[in-house]
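Following: one structure in structure tokens, then a few remarks.
The values are calculated or read from the model by the stated rules, or taken from the named source; none is laboratory data. Owing to the predicted nature of the structure, the values given are computational and were not obtained by experimental measurement. Note that each Cβ is placed from the backbone with ideal geometry, even for glycine, and that neighbours are counted across all protein chains shown. For the accessible areas, the whole protein counts, side chains as well, though only heavy atoms, and no ligand, DNA or RNA atoms are used. Shrake-Rupley method; radii C 1.70, N 1.55, O 1.52, S 1.80 Å.
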Amino acid sequence: MSDIMVSAVPMTGVVQHSKSEQKPPPSTQEGNSTQEQTVTSVAKQGEDEIKNLKDMLQQAKEKAEERRDSLKLKQNSAQYGDTAMMAYARLARARNQGQVNAAASYAQRQIVRFQAALRSDSENAERIKAAIRQLQKAVGRAGKKKRELQREDLIKARQRKAKLEKQNRKSASLQQELTRRKTMRLIRESGYLRETEIDNRQQAQMAATRMELRAQSQALAEQYGPSMEQVSQEYAAHAEMVDAAPAAAGVDIQA
């Protein structure tokens, strides 16, 4: 019986000793806490760097989009006048009434497109309005050319009839009339093209002048003082304060 009790005591000591071995010392716990704090700090710095990188990429993307939009606007600005030139070129190449109708339809479609562009491209509003005016003239001149081609067809029919009837003098006279009408029409159409080209060149010069003046005004505003928009905002805020002052003075608070 005594042997059993004696042997039980050492076993308890062994169990307590194993538990003491499993428990880490305080110094080890402090080291682990320091390592966790270091890892957390490094992770936070990495997240900040990633966030800054994303911001930089977003800014670069926005600048690239602004640059692309500015180039697109410049390209569209040149195309406004080129479209009017294309409409007059189609009208000049038209040899029958069907081709004249096709040229007029093209001009009308471009007018609708440019009228919609007025709401989205305010920077080139004057250039768009000038192109619309030229296209509207092209539509009216297409109607005039259609009537001229109808008269020419009638003269051709009369000339063929006179030739079949052996009326040589009348046939020659009608041929001269037909040649004169065609010549005058071709001269007018070449004048339309020159008019459109000159107007297109003038509009391009005026657009470049407006852009230069706008850039100079912005540079002066940034260098010497606030912009007109800022001045108007400050004036509106001051006016609101002045209007609110008498209302506040008229308030009567009774105890």
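Data overview
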quantity: Residue check for Arg160: out of contact with any strand residue (DSSP E or B) (no Cβ under 8 Å at 6 or more places or on another chain), part of a helix (DSSP H, G or I), among the basic types (Lys, Arg) and touching a residue at least 60 places away in the same chain (Cβ under 8 Å); calculated: no
quantity: Residue match in the range 162-173 (condition: hydrophobic (A, V, I, L, M, F, W, C), open to solvent by 20 Å² or more (accessible area, probe 1.4 Å) and within 21 Å of Gln202 (Cα to Cα)); calculated: no
quantity: Among the residues listed as Gln110, Gln97, Gln115, the single one being open to solvent by 50 Å² or more (accessible area, probe 1.4 Å), touching a Leu at 6+ places or on another chain (Cβ under 8 Å) and at pLDDT 80 or above; calculated: Gln97
quantity: Qualifying position, being closer than 21 Å to Ala87 by Cβ and in contact (Cβ under 8 Å) with a residue 60 or more places away in the chain, among Glu195, Glu189; calculated: Glu189
quantity: Any hit, the range 176-183, residues being open to solvent by 70 Å² or more (accessible area, probe 1.4 Å), of a type in the set (Asp, Glu) and assigned to a helix (DSSP H, G or I); calculated: no
quantity: Residue, nearest to Ala215 (Cα to Cα), within the range 128-148, restricted to residues that are open to solvent by 20 Å² or more (accessible area, probe 1.4 Å) and of a type in the set (Lys, Arg); calculated: Lys129
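One line per residue, one yes/no per condition, for (1) within 31 Å of the chain's Cα centre (by Cα); (2) over 16 Å from Tyr88 (Cβ atoms):
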position: Ala117; (1), (2): yes, yes
position: Lys129; (1), (2): yes, yes
position: Lys137; (1), (2): yes, no
position: Lys145; (1), (2): no, no
position: Gln150; (1), (2): no, yes
position: Asn168; (1), (2): no, yes
position: Gln175; (1), (2): no, yes
position: Arg188; (1), (2): no, no
position: Gln203; (1), (2): yes, no
